[in-house]
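Trainee: Take a look at this one; I'll ask things after.
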Amino acid sequence: MISKENFEKFIKKTLKDRKFFIVTNRAPYIHTKTQEGIKVTTNAGGVHTLLDLVAQASNAIYVAYGSGNADKTVVDSHNMIPVPPKIKSYILKRVFLSKKELENYYYGFSNQTLWPLSHAVFVKPEFHTSWWESYQEVNRKFADSILEEIGNKKAFVWVNDYHMALVPKMLKDSGKDIRVGMFWHIPWATYEIFRVNPWGKEILIGMLGSDFIGFHRGYQVQNFIQSVQRMVEAKIDFDQSQITYKNHITKVEPLPAGIDYQEIIDIKKNAKLNLKKHLNREMGTKIEYLAVGVDRLDYTKGLLERFHMINRFLEKYPQFQEKFIYYGIMPYSRTHIPVYRTYSKAVIDLCEKINWRYSHNYWTPIHLNNEGMSRDKVITYYKNADMCLITPLDDGLNLVAKECVLSYEEEVGMIVLSKFAGAADDLRHSLLINPYNIEQGADAIYQALTMPAKEKKERNMKMRNDLKSKNIYSWAIKFIEKTLYE
Ligand code: F6P
């Protein structure tokens, strides 16, 4: 296993005098004004959590949008602040956006154009010129913020996700000595879907400023290359998985992200809560089986399908009534976008209907927590689970799936996972389902809860060994090597 220390050494040896930058839209830390003064909190979940760990081990400059209401108060004249608060191992450089930019670039083009366009979930993407214009302007802002810090030095920039598609080309066009790697963390649609984007060609050309582009799964790479082949006058070497556009070579490969194996093992060691006991005491129930799920309230996550599965499971296997509960950590997300509000309401209505149907004595089958939760606490919840239920209709990777497998007890827990999550490749010993197949999902819940301990252990150990060897640091090393040398 590659440790954090190995990674630190690798960075020093490999990047030498190149300044190292990581850029994502969402920042790992936010500062908020409270009655007790300014508080700093972590933005739990998501790609920034992963990249925070990479930044901590590499002295990076991390560039991201400053969304906290006290973010501006605490930064210096370059909009910088050392983080994490106690360790201060790297610099967070904040980019501030106006309400209008947020509306058009983040809620608009990123999350109502590119997000539904990239996920095969049948939500229609919207195309507005004003959103596209703002997306270009905000990408320029991010690129300028990085270029300002590079000055005359050499640099390595790790650009992340669909909010930043134009940044790679903007960086390269500066003429500075910058190696640019881009990681696209969500799926990439087939050409027949992608081609409807009126600015698809510009998006592709923007990304081709990168020296390397990584995706979580092989089919996403193929879809991307096919879009380039059909929309850009570029030369494609399929054997080498390489695109040459205007004399610049971009390598494109699948490189599924790993998680910090050791971090989770350490958090688990200190997790003392007995969640089942706690819930039974609080509710006056006698539950024996606990299923856990952690998702943003997003239409790509297959939440309606998940609750239909639970409904069918309780109907088909009534012996589990009063013995089983599903505990869902499900924070609201992107609520400024109408389809997210409608979806959230539909999910909560369905849960209410199922709870009404089955509730008996003090027992109700579904328990939801719509607040965010600290990372340590979430891992404690996974640790207590008899099963995790993760059912996205389409998902770049799904980090939660990998974290669950590492967190629950190996002879107790099992994961039911959508085969449409990127993580399904690495977690092929889980119970894989098609989330649209409700009957299959209901049976998989039953199978997970009744699987002999020996089989659970065998499956879990296979997955854990894989997660150990392909951890976050080996992922980051491969990403950096591919961007630097290929
Ligand atoms: O993986 C896709 C992604 O957009 C990540 O970039 C992000 O961490 C996560 O989903 C949460 O999205 P948002 O930042 O819009 O809340």
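Trainee: Report every pair of residues separated by at least 6 positions or lying on different chains whose Cβ atoms are under 6 Å apart, first residue within the range 135-157 and polar (S, T, N, Q), second buried (at least 16 other Cβ atoms within 10 Å of the Cβ).
Mentor: 139/166; 139/167; 145/63; 145/95
Trainee: Every residue in the range 327-376 that is of a type outside the set (Val, Ile, Thr), in contact (Cβ under 8 Å) with a residue 40 or more places away in the chain, in a loop (DSSP other than H, G, I, E, B) and more than 14 Å from residue 283 (Cβ to Cβ), please.
Mentor: Scanning the range 327-376 gives 330, 331, 334, 336, 370, 371, 372, 373, 374.
Trainee: Return the pairs, sorted by first residue and then second, in which the second residue is part of a helix (DSSP H, G or I) and within 16 Å of the ligand (Cβ to nearest atom), the first residue lies in the range 396-415 and is within 13 Å of residue 457 (Cα to Cα) and in the same structural domain as residue 292 (by TED's automatic domain parsing), the beta carbons are less than 7 Å apart, and the residues are 6+ apart or on different chains.
Mentor: 415/401
Trainee: Quickly run through the range 7-32 and pick out the residues that are more than 14 Å from residue 92 (Cα to Cα) and either within 22 Å of the chain's Cα centre (by Cα) or outside the structural domain of residue 157 (by TED's automatic domain parsing) (or both).
Mentor: 7
Trainee: Hey, can you tell me all the residues within the range 64-74 that are more than 14 Å from the ligand (Cβ to nearest atom) and open to solvent by 40 Å² or more (accessible area, probe 1.4 Å)?
Mentor: The answer is 69, 72, 73, 74.
Trainee: From 317, 340, 299, grab the single residue that is modelled with pLDDT of 95 or more, closer than 30 Å to residue 196 by Cα, open to solvent by 10 Å² or more (accessible area, probe 1.4 Å) and out of contact with any strand residue (DSSP E or B) (no Cβ under 7 Å at 6 or more places or on another chain).
Mentor: Result: 299 is the single residue among 317, 340, 299 that is modelled with pLDDT of 95 or more, closer than 30 Å to residue 196 by Cα, open to solvent by 10 Å² or more (accessible area, probe 1.4 Å) and out of contact with any strand residue (DSSP E or B) (no Cβ under 7 Å at 6 or more places or on another chain).
Trainee: Of the conditions (1) within 16 Å of the ligand (Cβ to nearest atom); (2) without any contact (Cβ under 8 Å) to a residue 12 or more places away in the chain, residue 129 clears all except one; give me its number.
Mentor: Answer for residue 129: the failing condition is (1).
Trainee: Does any residue in the range 230-251 that is touching a residue at least 12 places away in the same chain (Cβ under 8 Å) come within less than 7 Å, Cβ to Cβ, of a residue that is open to solvent by 40 Å² or more (accessible area, probe 1.4 Å) and part of a helix (DSSP H, G or I) six or more places away or on a different chain, and which pairs are these?
Mentor: Every condition considered, the pairs that remain are 231/201; 232/201.
Trainee: Next question, about the same structure. Considering every residue within the range 38-52, establish whether at least one is open to solvent by less than 40 Å² (accessible area, probe 1.4 Å), away from the ligand (no atom under 12 Å from the Cβ) and not assigned by TED's automatic domain parsing to the domain that holds residue 401.
Mentor: no
Trainee: Take the conditions touching a residue at least 24 places away in the same chain (Cβ under 8 Å) and open to solvent by 20 Å² or more (accessible area, probe 1.4 Å) and apply them to residue 34. Does it pass?
Mentor: Working: touching a residue at least 24 places away in the same chain (Cβ under 8 Å): no; open to solvent by 20 Å² or more (accessible area, probe 1.4 Å): yes.
In short, no.
Trainee: Being β-branched (Val, Ile, Thr) and either within 14 Å of residue 187 (Cβ to Cβ) or away from the ligand (no atom under 14 Å from the Cβ) (or both) is the filter here, so list the residues in the range 106-126 that pass it.
Mentor: If the condition is that a residue be β-branched (Val, Ile, Thr) and either within 14 Å of residue 187 (Cβ to Cβ) or away from the ligand (no atom under 14 Å from the Cβ) (or both), then 121, 123 are the ones that fit.
Trainee: Restricting to the range 476-486, count the residues that are surrounded by fewer than 21 Cβ atoms within 10 Å (Cβ to Cβ) and in a helix (DSSP H, G or I). Let's see the steps before the verdict.
Mentor: Initially, the range 476-486 is screened for residues surrounded by fewer than 21 Cβ atoms within 10 Å (Cβ to Cβ), giving 477-479, 481-482, 484-486.
This time we only want the ones that are in a helix (DSSP H, G or I), so: 477-479, 481-482, 484-485.
Residues that pass the stated criteria total 7.
Trainee: Which condition breaks for residue 290 when tested against (1) open to solvent by 10 Å² or more (accessible area, probe 1.4 Å); (2) touching an Asp or Glu at 6+ places or on another chain (Cβ under 7 Å); (3) away from the ligand (no atom under 16 Å from the Cβ)?
Mentor: All conditions are met except number (1).
Trainee: Looking at 2, 61 in this structure, which one is more than 16 Å from the ligand (Cβ to nearest atom) and farther than 18 Å from residue 474 by Cβ?
Mentor: Exactly one of 2, 61 is more than 16 Å from the ligand (Cβ to nearest atom) and farther than 18 Å from residue 474 by Cβ, namely 61.
Trainee: Give me the pairs, please: first residue somewhere in the range 4-30 and under 22 Å from residue 45 (Cα atoms), second residue anywhere and among the acidic types (Asp, Glu) and not in a helix (DSSP H, G or I), beta-carbon distance under 7 Å, and either six or more positions apart or on two chains.
Mentor: 24/161; 25/161
Trainee: Do we find that residue 382 is open to solvent by 20 Å² or more (accessible area, probe 1.4 Å) and either in contact with a His (Cβ under 8 Å, 6 or more places away or on another chain) or touching a residue at least 60 places away in the same chain (Cβ under 8 Å) (or both) in this structure? Explain how you work it out, then say what you get.
Mentor: Values: open to solvent by 20 Å² or more (accessible area, probe 1.4 Å): no; either in contact with a His (Cβ under 8 Å, 6 or more places away or on another chain) or touching a residue at least 60 places away in the same chain (Cβ under 8 Å) (or both): yes.
No: the conditions fail for residue 382.
Trainee: Just checking: which of the strands (runs of 3 or more DSSP E) contained wholly in the range 118-234 hold 1 or more residues that are open to solvent by 20 Å² or more (accessible area, probe 1.4 Å)?
Mentor: It comes to 154-160, 178-183.
Trainee: Another question, then. Scan the range 75-85 and give yes if some residue there is within 16 Å of the ligand (Cβ to nearest atom), open to solvent by less than 10 Å² (accessible area, probe 1.4 Å) and in the same structural domain as residue 141 (by TED's automatic domain parsing), otherwise no.
Mentor: Looking for residues that are within 16 Å of the ligand (Cβ to nearest atom), open to solvent by less than 10 Å² (accessible area, probe 1.4 Å) and in the same structural domain as residue 141 (by TED's automatic domain parsing), one finds none in the range 75-85, hence no.
The values are calculated or read from the model by the stated rules, or taken from the named source; none is laboratory data. Quick caveat: nothing in here was measured; it's all calculated off a predicted structure. Using ideal geometry, Cβ is built from the backbone for each residue, glycine included, and neighbour counts are taken over all protein chains shown. Please note that ligands, DNA and RNA were not included when accessible areas were found on the heavy atoms of the full protein model with its side chains. Shrake-Rupley method; radii C 1.70, N 1.55, O 1.52, S 1.80 Å.
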